[in-house]
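The values are calculated or read from the model by the stated rules, or taken from the named source; none is laboratory data. Just so it is clear, the structure is predicted and the values come from calculations on it, not from any experiment. Positions of Cβ are generated from backbone atoms using ideal geometry, with glycine treated the same way; all protein chains shown enter the neighbour counts. Side chains included, ligands, DNA and RNA excluded: accessible areas come from the protein's heavy atoms. Shrake-Rupley method; radii C 1.70, N 1.55, O 1.52, S 1.80 Å.
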Amino acid sequence: MSDNQHIKKKQRAEINKFKLDFYKEHGIDLYIISSLQGDHVCSLEKYKTLTLECISDSYPKLNKYNFETKSRERDFVQYIQAMSFLAFNDGYSKTAIGIAINRNHATVINSCKIVSDAIETQNPEFIKVLNKLQKKIDNYVGTISKDFKGKNDSKSMSDSIWDEARRIINS
């Protein structure tokens, strides 16, 4: 591991520790935008949580299911496949997704292909699942501008108001 990678790993650990300590003390989740985290919409853990929420909202009988569950129940599997597809399109590797959902990368490859095919053929059942999950993710994330850095413009907006006031006073 290079020195730069070691530093980034240490910084990530410090940020995560700070977020956890803050949550324990104040009960508030912190979301920190950092170049260390990459360009992902949300973490794989959050993808998993939101997916399980969607499953339980849509199919209360599947409440007991989680990512440890090995099931061929279509309703459950479609959400896992949709989550894998969305996470992959968010930039996560198929291996990382597979590890997160306790499957191997070949399962994720297959999931992405199935979802792509369902989109291409406009499978209404699958598109409904994909839209529900995407909506849940969008509600969680909100709208984040791609250019959130902005400009460093220290000129006060009130300068023109003061100039006008000075002109009136001096007249």
Given 5 Å bins starting at zero, what is the percent of C-alpha pairs of segment 83-132 in each, up to the one with the largest pair distance?
5, 23, 30, 20, 16, 5
Sorted by accessible surface (1.4 Å probe, heavy atoms of the protein chains only), largest first, 46, 132, 10 come out as 10, 132, 46
Given a Förster radius of 45 Å and the C-beta distance between residue 20 and residue 125 as r, what FRET efficiency does 1/(1 + (r/R0)^6) yield to the nearest 0.05?
0.70
With 26 Å as the limit, write out which pairs from 24/128; 17/132; 64/128; 24/135 have Cα-Cα distances beyond it, or answer none.
24/128; 17/132; 24/135
Here, residue 63 and residue 104, labelled 7 Å along Cα→Cβ, have an inter-label distance in nm of 3.5 nm
Accessible surface of segment 36-99 [probe 1.4 Å, protein heavy atoms]: carbon and sulfur percent:
50 percent
Rank these residues by their accessible area, most exposed first, probe 1.4 Å: 79, 23, 140.
23, 140, 79
Quote the FRET efficiency, to the nearest 0.05, computed for residue 11 versus residue 96 with a Förster distance R0 of 22 Å and r equal to the Cβ-Cβ distance.
0.65
